[in-house]
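A.B. asks: One structure coming up, written as structure tokens, with questions to follow.
The values are calculated or read from the model by the stated rules, or taken from the named source; none is laboratory data. Note that the structure is a prediction, hence the values are computed from the model and not measured. Quick reminder, even Gly has a Cβ in these numbers, built from the backbone with ideal geometry, and neighbours come from all protein chains shown. Note: areas computed on protein heavy atoms with side chains; ligands, DNA, RNA excluded. Shrake-Rupley method; radii C 1.70, N 1.55, O 1.52, S 1.80 Å.
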Amino acid sequence: MVNVETQGLRKSFGDTEVLKGIDLRVPEGSFAVLVGPSGCGKSTLLRLLAGLEQATEGTILFGGEDVTAYAPKDRDVAMVFQSYALYPHMTVRDNLAFGLKLRKTAADIIDARVTEAAAVLGLEPLLERFPRALSGGQRQRVAMGRAIVRRSKLFLFDEPLSNLDPALRTQVRVDIRKQHDRLGATSIYVTHDQVEAMTLADLLFVLSEGEVQQVGSPLEVYEDPANRFVAGFVGSPAMNFIDGCRVSADGAAVLVAERRLPLPPSEGREPSKLAGREVCVGVRPHDMSIVEASAHAIPFTPSILETLGPEVHAHGTFGAHEGVVAVSADLPLARGVMVHVRPTRLYLFDQATGATLR
Amino acid sequence: MIRLRAWRWLAALACLLAASALGTSPARATSPPVPDASAPLTIWHAYRGVEQATLDALLASYDGDVEVLAIPYDAFGSKLAAAIPLGEGPDLFIDSHERLGDFIHRGLVAPLPPDALEEAAYAPQALTAVTLPDTEGHPRRWAAPMSMKSLALYVNTELLPEVPATLEGFEALTETLPEGVFPLAWEANSAYAHAAILGAYGIELLTAEGDFGMRGDAAARSLQLVMDLLDAKVLPEDADGALVADLFRSGKAAAVISGPWLAGDLPASLHYEIRRLPAIGDAAQHRASGATPETEESPAPMRPLLTVESLMLSPRGATHPRAAALLAHLTSAEAGRRRARDARALSARTDAPPPSADAFLRAFQAQAAVATPMPAVRAMRAVWEPASRAIRKTLRRDVTPAKALEEAARRFQEVRRPPPPPKDPTFFLAILGALSLFGALTLLHRARQPAMRARLRASLPAYRYVIHGVLLVGLLVLGPILVGAATALFAGQPHQMYYVGLDNFVDILTARSGPLFASGSFYLVLIVTVAWTACNVVLHLAIGVTLALVLSRPLLKLKSVYRVLLIVPWSVPSYVTALAWKGMFHRQFGAVTGIIQSVNDVFGTEIEPIAWFATFSTSFAANLTTNVWLGFPFMMVVTLGALTAVPKDVLEAAEVDGATPLQRLWHVTLPMIKPTMIPATVLGSIWTFNMFNVVFLVSGGEPDGTTDILISEAYRWAFTREARYGYAAAYAVLIFLILAGASTAGARWIDRSKERA
Amino acid sequence: MTARAIANNVLSHALLLVAVAFALYPVLWVVALAFSGDSVPTARAIPVPTAPTMDHLREVVSTTRPTPDGGTAWLFGRQLANSLLVSIATALVGVGVAIPVAYALARFEFVGKSGGMATLLATQMFPAVASAVPLFIMLEAMGLLNTRTGLILCYASTSVPFAIFQLRGAFETIPVDLEEAAMVDGASRFEAFVRVVLPVAKPAIAVTFLFAFMTAYNEFILAATLLSDESMFTLPVVLQRFIGEYDAQWEAFAAGALVVSVPVMALFYLLQKHMVAGLGAGGVKG
């Protein structure tokens, strides 16, 4: 249990700057998730925290202690790798015990911890097997177990679920969160899957192009994205963006597909600043509903319907823009319909910078 | 355990650097041997069997501390040459007198003290044999003769109660002897044996003036005579020593010409006698013009070469106070008698004659009286290769005797050509110094740049992993290579080398001023080498990949059995299997001929046995077969490994896409194993390019040196011709440059094709 | 099985049998020669010993030498032990030196890396003919002439470049994750290398070991030149003693060759599975 902090962390490989000054603050005992598309630098950041890469600039603090120059073994972190990295020449038992042996832990303690971890993860019947004789899910549990036995203050997860099939993923996700809650150690989890990120995180760090775009609880990030990138990345299906819309001169409405959508006054929004600007309008698919006709509705032409049981994702076009609308499955969709947007759920982004406009 | 003192390493390194920097031979740095009376005497020899036992017994009866070492004959000369100059060699050693010239030249042997020999007690030809001029031109005795060996006639008395008096007389025997029995056999291909016939014609291999002696009409007639005997089936073809012995032992040759060493191989049940070599009727009428007329005997008797096995003193031995006593003990009359009795060796001393009951030795004694001592001067070393080639070429009917001999004389001249004159190394040293200075400054400059320093600092952990490897490889692999490469700029003997600039290279690259594509020229040999490498690598790959593909079929049974059996060629030492292959390619008695005969028997065909080493193409094919046999398991195993990494789903995808098995192989499997195969092929090519063993042991360059590759040419210059290390080193450097150039170009080409892809 | 599959199978076995015959035929001649009592020169197609006997084998293995205390010692046994000692030590030193170098080449970026690789390849191109004499002089300067240590160092250093190529390829196929996991688990880089990478690379190391072993085990020129004491000779030197200036005891030579080959064949048999994996898993990547 330790709080993790980084200050101005930079990392370059040759001429490519992968991390452009990251300031991270992960409180003690929380479950932080670093999420972002591939290539955003999230794995590098994790490896810097583990000590597997050396920072080009900046500091890393564990519980206030500067560990920037520490070797991995001196940082007392546990890590679960995407590939699990099980030692192929060791049995499951030895895999679990290896970290403890390296730290010269007494044999009886090792035994006890291994037995406990095996019990928690249901690995008892597999202890004498070699990794090659295990299924994917079993391997993942061994990798987890290897981290658990260490009783580290900090757990690092590098996309630990990406090699599992979807059904297993949900279950293991729940298991990971359970173990976190049981052990209470600080966890930092890297993923590109925003569903995983949303469901697991206490604290979400959205990364893009080597920079933290937004920090917050999953709900905060979902409800109040800091910019167009975060808005588009978080939430499924992704938010619809309609470029080139103009805000009315009074700042009380925005013109989308030649329809006026009212902009209700909301906290922090200053209509005067928006008046007459060209903006990008963002609407989440779940924030739209099909209506017969309404002054504040925009036309939508569905082309493909994805049925997910209770709801349907309708892909189609708003005028000249592609988009998705999530609707209830029992609603008939005609060729051309009107969709109504909940005015409070309308997001406006700066056309040039992508920053959220309030 | 390996415990080395650091200072010794440093001393060695310093010595090496100093030596290469000064451009002198490193050996000069070593100190002269220090005599030490209390040190045990060491004696080296290459004796085997009873000769070894007799020597051991003689040494046991000597009252003194003697260390004796028996060395394989093949390594004897090079070991002496390597050890004696460093003071590490023996005090005394036993070798044939004919190497004295070379040994004197290299300073491996010291003259005997003036009164060391009881001159009166020795056979005169033995004394002649060990007498040679020293470096100042004064004749000296260089060794104490021990025993004399020459060829004589072994006669199977059951098959041949009456021995023809002349060589021509054996011809008639083809009719009286049982089917399949040759009247006579000897190593007709060897210049050593042919010298006996030349002797009858009054010709010596090396003239008194040191010129090639095998010339003129009489020499040509001597070859014609052997050809006639072969035609008349008096002699077996391509007989080597082992075959001659086997034929006689098994009663398939009524008489053979061989030396005393053959007797040890003969079973007690065989009834045989030793006779003097027959005379040659033809020779009596056609003696060489310059030769002294034969008066006592007509027709002219064959005169074999006489070898005098002698005890020699190394320079260190000459200073050892007890060496003379041991020398006297081992060459005493008593010792001679003992050797005659136990080892059946003909003593060089007249006061140790063979026992009267020993008809065997007496016959050899009689033969020795009409034998010519083999010339011991250095020029003799240059005789063997051209003479033997000429003989083989003629006997194969490739050219007329006269033509072959002309060529041999030219070859002899080529080898005997004086080495290039010394040059002033100042220019070279200046260039070298300037280059090193420039290099050092550049390095220093680069190391001082901040970016470079950061990189160097980041490299430190890696250096901790490689430092010992760099030291070991640098010291024991790179060091000798650099010094070896540097010798290419020198000429002369290892311990008196002098700088000659690039003359060695010029000489090689201008084909020694001969035609650029003459036999043995650099360019022709290079073409052969490239063809050799290409054929080998293609076949290694084709066979290796094919077998690996078959072996990796999922449903195949007995996979591991096949795998084990197919790598057997790899596990037997290659110098053994290469010799086995050579035996299999023997024209008359080889297994390949056996197979041809079986095929003929079964199918009623009439395929002629092939004389494998008679033409370039068959000889090349024989070498190739051997090397392909040796090399395909490596490629097979590499391919098998690479195939395990080809994912099944890709192949299945290709199958779904409708690719035929052949298309799958070509478009999917082969491209996927390419990354593994390319480096293996590169290494394989380099090894094949320098695959000395096979060429040397199987064809030995036959016919006429055409199947030699660059490395065997380098080897010949270094060891069998006149020990021109500088010349050999120049070959080695050229080989290196060719390989380095080819692999760089190859790598570029691969990179470019990758970019295109 | 379809008719086509059967045909394919038959064809495969036929091809393999031909290859096996080609591979074994010369070796069988060596075997036949080793057990032949007399050698009657006839052209035969089938290698069987004539007048079978074990004499040659016995002759080869039963050499003795007198000991200082008046008894006799089993010389062949001593020489076999020498061969094994020298070859195993060579392999240990050669592979031991090559392992960390290969690891560094596979895992680290450092100044001089590509130059080093090129130099290693270059050492394979330069013929030994020209470097033998300087090597001898160097060993003399180090006082290692006529010592097994000197011989071992020579062999080991010549086996190092190939061993490095081999092992570098093998290390490159091992996922970096494994070492990183070990380092996070509390190992230093070196510990991760020793306790994780080495055990995982064991098959490749075994094969490299075998190659280094063979370089030393089959070599005789250097051994005969460097060693000047019969009780230090290795088996190939002993074997070569059957070939004299004028004649050769081919049967004994063949018998000796068989004796010499047995340990190598046994090692090959034991390691053949790994050999495929070791050489193949990117084994000889240049």
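A.B. asks: For a Förster distance of 60 Å, can you work out the FRET efficiency between the beta-carbons of A:ASP181 and C:SER231, rounded to the nearest 0.05?
C.D. replies: 0.25
A.B. asks: Separate question: Starting from the residue with the highest accessible area, list A:ARG284, A:ARG47 in decreasing order, probe 1.4 Å.
C.D. replies: Final ranking, largest accessible area leading: A:ARG47, A:ARG284.
A.B. asks: Shifting gears a bit: Within 10 Å of each Cβ of B:636-646, how many other protein chain Cβ atoms are there on average?
C.D. replies: Average neighbour count from other chains, rounded to a whole number: 5.
A.B. asks: Moving on to the next point. When ranked by the protection proxy of mean other Cβ atoms within 10 Å per residue, highest first, what sequence do the peptides B:157-168, B:237-248, B:121-132 form?
C.D. replies: The peptides rank, most packed first, as B:237-248, B:121-132, B:157-168.
A.B. asks: Related question: If you count, for every residue in A:86-92, the Cβ atoms of partner chains within 10 Å of its Cβ, what is the mean?
C.D. replies: For this peptide, the per-residue mean of nearby foreign Cβ atoms is 4.
A.B. asks: Right, another one. If I ignore ligands, DNA and RNA and count only protein heavy atoms, how much of A:HIS192 is accessible to a 1.4 Å probe, in Å² to the nearest 10?
C.D. replies: 90
A.B. asks: Moving to a separate point now. Return the distance in nm (one decimal) between the two label points of a simple spin-label model at C:LEU85 and B:LEU662, each offset 7 Å from Cα along Cα→Cβ.
C.D. replies: 6.0
A.B. asks: Can you give me the P(r) profile for segment A:258-342? Cα pairs, bins 10 angstrom wide beginning at 0, each as a whole percent.
C.D. replies: Calculated over all Cα pairs of segment A:258-342, the distribution is 16, 47, 26, 11, 1 percent.
A.B. asks: Where does the charge balance sit around A:LEU96 when Lys and Arg score +1, Asp and Glu -1, over other residues with C-beta under 14 Å from its C-beta?
C.D. replies: Taking every Cβ under 14 Å from that of A:LEU96, the sum is +4.
A.B. asks: Taking square-rooted eigenvalues a ≥ b ≥ c of the alpha carbon gyration tensor, is chain B rounded, prolate or oblate, where a/c under 1.5 means rounded and, failing that, a/b exceeding b/c means prolate?
C.D. replies: Oblate.
A.B. asks: While we're on this one: Between A:VAL291 and B:ASP211, what is the label-point separation in nm under the 7 Å Cα-to-beta-carbon projection?
C.D. replies: 12.4
A.B. asks: Just to verify a number: what accessible area does B:PHE613 come out at with the full protein assembly present, 1.4 Å probe, Å² rounded to tens?
C.D. replies: The accessible area comes out at roughly 40 Å².
A.B. asks: Now, a different point. Obtain the radius of gyration and the Kirkwood radius of segment B:664-757 from its C-alpha atoms and give Rg over Rh.
C.D. replies: Radius of gyration relative to Kirkwood radius: 1.14.
A.B. asks: Expressed as an acute angle from 0 to 90° and rounded to the nearest 10, what is the orientation of the C-alpha long axis of helix B:574-584 relative to the principal long axis of chain B?
C.D. replies: With rounding to tens, the tilt is 60 degrees.
A.B. asks: Rank these by accessible area, largest first, 1.4 Å probe: B:ARG396, C:ARG189.
C.D. replies: Putting B:ARG396, C:ARG189 in descending order of accessible area: C:ARG189, B:ARG396.
A.B. asks: What per residue convex hull volume, in Å³, do the alpha-carbon atoms of segment C:3-53 yield?
C.D. replies: 81
A.B. asks: Evaluate the Debye formula for segment A:64-147 with equal point scatterers sitting on the alpha carbons, no solvent, and hand back log10 of I(q)/I(0) at q = 0.18, 0.23 Å⁻¹, in q order, two decimals.
C.D. replies: Computed log10 I(q)/I(0) values: -0.76, -1.11.
A.B. asks: What does the average come to when, for each residue of peptide A:73-81, you count the partner chain Cβ atoms lying within 10 Å of its Cβ?
C.D. replies: Shielding by partners across A:73-81 averages 4.
A.B. asks: Quick check on chain C: helices-only [θ] at 222 nm, where DSSP H runs of length 4 and up contribute -39,500 (n - 2.57) each and the sum goes over total residues. Nearest 500, please.
C.D. replies: About -23000 deg cm²/dmol.
A.B. asks: What does a probe at A:MET338 reach in segment A:278-322, counting residues whose amide N is under 17 Å from the point 7 Å along Cα→Cβ?
C.D. replies: A:288-302, A:318-319
A.B. asks: Pop a pseudo-label 7 angstrom from the Cα along the beta-carbon direction at both C:PHE190 and C:VAL176 and give the gap in nm to one decimal.
C.D. replies: The answer from the label model is 2.2 nm.
A.B. asks: Here's another thing I want to ask about it. Give me the three principal axis extents of segment B:196-318 from the C-alpha atoms, as integers in angstrom, largest value leading.
C.D. replies: 55, 46, 29
A.B. asks: Same structure, new question: Take the residue pairs B:LYS233/B:LYS393; A:LYS11/A:LYS178; A:LYS42/A:LYS104; A:LYS20/A:LYS178; B:LYS557/B:LYS648 and return only those whose Cα atoms are more than 22 Å apart.
C.D. replies: Exceeds cut-off: A:LYS11/A:LYS178; A:LYS42/A:LYS104; A:LYS20/A:LYS178.
A.B. asks: Another question, if that's okay. Suppose R0 equals 56 Å; then what is the FRET efficiency for B:VAL564 and A:ASP243 from their Cβ-Cβ distance, rounded to the nearest 0.05?
C.D. replies: Rounded to the nearest 0.05, the efficiency is 0.20.
A.B. asks: Okay, moving on. Considering only C-alpha atoms, what is the centroid distance from segment B:394-414 to segment B:418-441, in Å?
C.D. replies: Cα centres, segment B:394-414 to segment B:418-441: 42 Å.
A.B. asks: About its Cα centre, how strong a charge dipole does segment A:240-350 have in debye, to the nearest 20, once Lys and Arg get +1 and Asp and Glu get -1 at the Cβ?
C.D. replies: Using only the charged Cβ atoms, the result is roughly 220 debye.
A.B. asks: Next question. Taking +1 at the Cβ of each Lys and Arg and -1 at the Cβ of each Asp and Glu, which of A:LEU127, A:GLY323, A:ALA147 sits farthest along the dipole of chain A towards its positive end, judged by Cα position relative to the Cα centre?
C.D. replies: A:LEU127
A.B. asks: Further, regarding this structure: What do you get when you divide the Cα radius of gyration of the protein assembly as shown by 2.2 N^0.38 Å, with N the number of residues?
C.D. replies: Numbers: Rg = 41.7 Å, N = 1401, 2.2 N^0.38 = 34.5 Å.
For the protein assembly as shown, the normalised Cα radius of gyration comes out at 1.21.
A.B. asks: While we're on this one: Using a 1.4 angstrom probe on the protein heavy atoms only, line up C:GLU230, A:GLU17 by accessible area, largest first.
C.D. replies: Values: C:GLU230 55, A:GLU17 75 Å².
Sorted descending by solvent-accessible area, the residues read A:GLU17, C:GLU230.
A.B. asks: Oh, and also: Using θ = phi - 60° and the Karplus form 6.51 cos²θ - 1.76 cosθ + 1.60, what ³J(HN,Hα) does each residue of segment B:58-63 get, whole Hz, x for Gly and Pro?
C.D. replies: Rounded to whole hertz, the list is 4, 5, 5, 7, 8, 8.
A.B. asks: How much of the accessible area of the protein assembly as shown, probe 1.4 Å, is carbon plus sulfur, in whole percent?
C.D. replies: On the way: 35340 of 58430 Å².
Accessible surface attributable to carbon and sulfur in the protein assembly as shown totals 60 percent.
A.B. asks: OK, next. Once you keep just the Cα pairs under 8 angstrom separated by 6 or more residues, what percentage relative contact order results for chain A?
C.D. replies: Numbers: 745 pairs, mean separation 56.3, N = 358.
So the answer I get is 16 percent.
A.B. asks: Setting aside same-chain residues fewer than 8 positions from A:LYS101, which lysines have a Cα under 20 Å from its Cα?
C.D. replies: List returned: A:LYS73, A:LYS153.
A.B. asks: Follow-up question, since we're still on this one. What percent antiparallel are the DSSP beta bridges of the protein assembly as shown, to the nearest 5?
C.D. replies: Taking every DSSP beta bridge within the protein assembly as shown, about 75 percent pair in antiparallel fashion.
A.B. asks: Just the accessible area for B:TRP186, please: 1.4 Å probe, Å², rounded to the nearest 10?
C.D. replies: Number for this one is 0 Å².
A.B. asks: Am I reading the C/A interface right? What is its buried accessible area, both sides, 1.4 Å probe, to the nearest 100 Å²?
C.D. replies: 1700
A.B. asks: With contacts defined as alpha carbon pairs under 8 Å and 6 or more residues apart, what's the relative contact order of segment C:7-99 in percent?
C.D. replies: 15
A.B. asks: I would also like to ask the following. With a 1.4 Å probe, how much accessible area is buried between chains B and C, both sides summed, in Å² to the nearest hundred?
C.D. replies: Between B and C, the summed buried area is about 10700 Å².
A.B. asks: From the square roots a ≥ b ≥ c of the eigenvalues of the alpha-carbon gyration tensor of chain C, which class results: rounded (a/c under 1.5), prolate (a/b over b/c), or oblate?
C.D. replies: Taking the square roots of the gyration eigenvalues as a ≥ b ≥ c, chain C is oblate.
A.B. asks: Sort all Cα-Cα distances of segment B:573-678 into consecutive 5 angstrom bins from zero, then give the percent of pairs in each bin up to the one containing the longest distance.
C.D. replies: 2, 11, 14, 13, 11, 9, 9, 11, 11, 8, 2, 0
A.B. asks: Once Lys and Arg get +1 and Asp and Glu get -1 on their Cβ, which of A:SER294, A:PRO265, A:ALA249 lies farthest toward the positive end of the dipole of segment A:214-338?
C.D. replies: Among A:SER294, A:PRO265, A:ALA249, the one farthest towards the positive end of the dipole of segment A:214-338 is A:ALA249.
A.B. asks: Dividing the convex hull volume of the alpha carbon atoms of segment B:33-117 by its residue count, what do you get in Å³ per residue?
C.D. replies: Dividing the Cα hull volume of segment B:33-117 by its residues yields 122 Å³.
A.B. asks: At a Förster distance of 41 Å, what's the computed FRET efficiency of A:THR301 paired with A:ASP202, Cβ-Cβ distance as r, to 0.05?
C.D. replies: After rounding to 0.05, the efficiency reads 0.50.
A.B. asks: Quick one: if you take sqrt(5λ) for each eigenvalue of the C-alpha gyration tensor of segment A:4-225, what semi-axes come out, biggest first, whole angstrom?
C.D. replies: Three semi-axes, in Å: 29, 20, 16.
A.B. asks: To the nearest 10 degrees, how steeply does helix A:136-149 sit against the main Cα axis of chain A, on a 0 to 90 scale?
C.D. replies: 70
A.B. asks: How would segment B:505-756 be classified by its alpha-carbon gyration tensor: rounded, prolate or oblate, with rounded meaning a/c under 1.5 and the a/b versus b/c comparison settling the rest?
C.D. replies: Oblate.
A.B. asks: Same structure again: Figure the gain on full extension for B:GLU67 and B:ASP649 (residue separation times 0.36 nm, minus the Cα-Cα span) and round it to one decimal in nm.
C.D. replies: Additional length available on full extension: 202.6 nm.
A.B. asks: Could you tell me which of B:ALA611, B:SER574, B:LEU311 has its Cα farthest along the dipole of chain B towards the positive end, charges placed at Cβ (Lys, Arg +1; Asp, Glu -1), taken about the Cα centre?
C.D. replies: Value computed over the given set: B:SER574.
A.B. asks: For chain B, what does the relative contact order come out to in percent, with C-alpha contacts under 8 Å and a separation of six or more?
C.D. replies: 14
A.B. asks: At 222 nm, what helix-only mean residue ellipticity would chain B give, in deg cm²/dmol to the nearest 500, using -39500 (n - 2.57) for each DSSP H run of four or more?
C.D. replies: Calculated mean residue ellipticity at 222 nm is -16000 deg cm²/dmol.
A.B. asks: For chain B, take the longest principal axis of its alpha carbons; what is the angle in degrees between that and the long axis of helix B:426-448, to the nearest 10 within 0 to 90?
C.D. replies: 30
A.B. asks: What whole-number value in Å² describes the accessible area per residue of the protein assembly as shown for a 1.4 Å probe?
C.D. replies: About 42 Å² of surface per residue is accessible.
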